[in-house]
Amino acid sequence: MRLKGEVAIITGASRGLGRALAVEFAREGARVGLAARSRAELDETQRQVQAAGGRALVVPTDLAREEDIEAMVAATREAFGPVDILVNNAGIAGPTALCEDVKPGDWDYTMAVNVKGPFLCCRAVLREMKQRRKGRIITIGSVSSKRPLVQRTPYTAGKMALIGFTRTLAAEVGEHGITVNLICPGPVSGARIESVLANMAEATGRTRDQVAHEVFLQHSALRRFVDAEDIARLAVFLASDAGRNMTGQDINVTAGLIMY
């Protein structure tokens, strides 16, 4: 129960990694605000949190809208108390296309969710964290925060931007007792990576297995994808007192796909 009594917000909590984060935080004692656009899928995450012995609040939220984010933070505070932990997990894959074929609107929306969303969420919790001199901010980046991914310019640009955002914010808020870190997962087993592989296969005329091998697996020291639970356990560590002296870090969990 490393997070007993803590209040956490997890964005993108409707499925996959976000759901695994919510359940793991609940197992460790946190009360969790669940944010995403899909009410039905958030309800299922809430059921799983409750089955793990935790408490969760469902707050349907569009992470591209400032007013939604402010309302989500206010609702979590009203239900559970001040927010101690923010996990910026929400993100979208964006278009799979050559740069010249990417529509400006698709670029803007990818950036709005993947970069502006974490900024707005941090902005919504930071004043209170500073006043309390307590806070943990954890953002989920990607292996694409560290290396290019062909035909995914909006996604990769956004994920790389999160490194600069994390380091700069950590430097700004450290004197207030707040830590800020970025987790960079490799491809996480599940529906999302399967969708990405399918789109890349279609765009390049290769099979799903060819894309998985050529883009990811052949470059991985362990020759495998990672599990959502691997990421969730690291997030719990960073959110707990054990991680109190780690800040401004971009930490790889990639099965050796990236080693820098």
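Read-outs throughout are calculated quantities, based only on the coordinates presented, and are distinct from any laboratory measurement. Keep in mind that what you see is a predicted model, and the values were worked out from it rather than measured. Please note: Cβ atoms are built from the backbone with ideal geometry, for glycine as well, and neighbour counts cover all protein chains shown.
Details
- Put a plus charge on the Cβ of each Lys and Arg, a minus charge on the Cβ of each Asp and Glu, and nothing anywhere else: the dipole of the stretch 104-186 about its Cα centre is then about 300 debye.
- HN-Hα J in Hz across the stretch 161-176 - Karplus 6.51, -1.76, 1.60, θ = phi - 60°, x for Gly and Pro: 4, 5, 5, x, 4, 4, 5, 5, 5, 4, 5, 5, 10, x, 5, 9
- Over the chain, relative contact order from alpha-carbon pairs under 8 Å, at least 6 apart, %: 19
- The 3J(HN,Hα) values that the Karplus relation (6.51, -1.76, 1.60; θ = phi - 60°) gives for the stretch 84-89 are, in residue order, 8, 9, 10, 10, 7, 9 Hz. Gly and Pro appear as x.
- Distant-in-sequence amide H partners of V253 (H built 1.01 Å from N, under 5 Å): C184, G186
- When peptides 213-226, 79-92, 155-168 are sorted by average Cβ neighbour count within 10 Å, with the highest value leading, the order is 79-92, 155-168, 213-226.
- Net charge dipole size for the stretch 40-100 [Lys, Arg +1 and Asp, Glu -1 on Cβ; Debye, nearest 20]: 320
- Positive-end residue of G158, P148, G243, charge dipole of the stretch 105-260 with Cβ unit charges: G243
- The chain, dipole about Cα centre (Lys/Arg Cβ +1, Asp/Glu Cβ -1), debye to the nearest 20: 620
- When DSSP beta bridges are restricted to pairs lying wholly in the chain, around 0% turn out antiparallel.
- Entry note, the chain: the mean residue ellipticity at 222 nm calculated from DSSP H runs of n ≥ 4, each adding -39500 (n - 2.57), is -14000 deg cm²/dmol after division by the residues and rounding to the nearest 500.
- Residues in the stretch 124-137 carry Karplus couplings, in order, of 6, 10, 5, 4, 5, 4, 5, 4, 8, 6, 7, x, 10, 10 Hz; the curve used is 6.51 cos²θ - 1.76 cosθ + 1.60 with θ = phi - 60°, and Gly or Pro positions show x.
- For a modelled paramagnetic label at K4, 7 Å from Cα along Cα-to-Cβ, the residues of the stretch 14-56 in reach, with backbone nitrogen under 13 Å, are 28-30.
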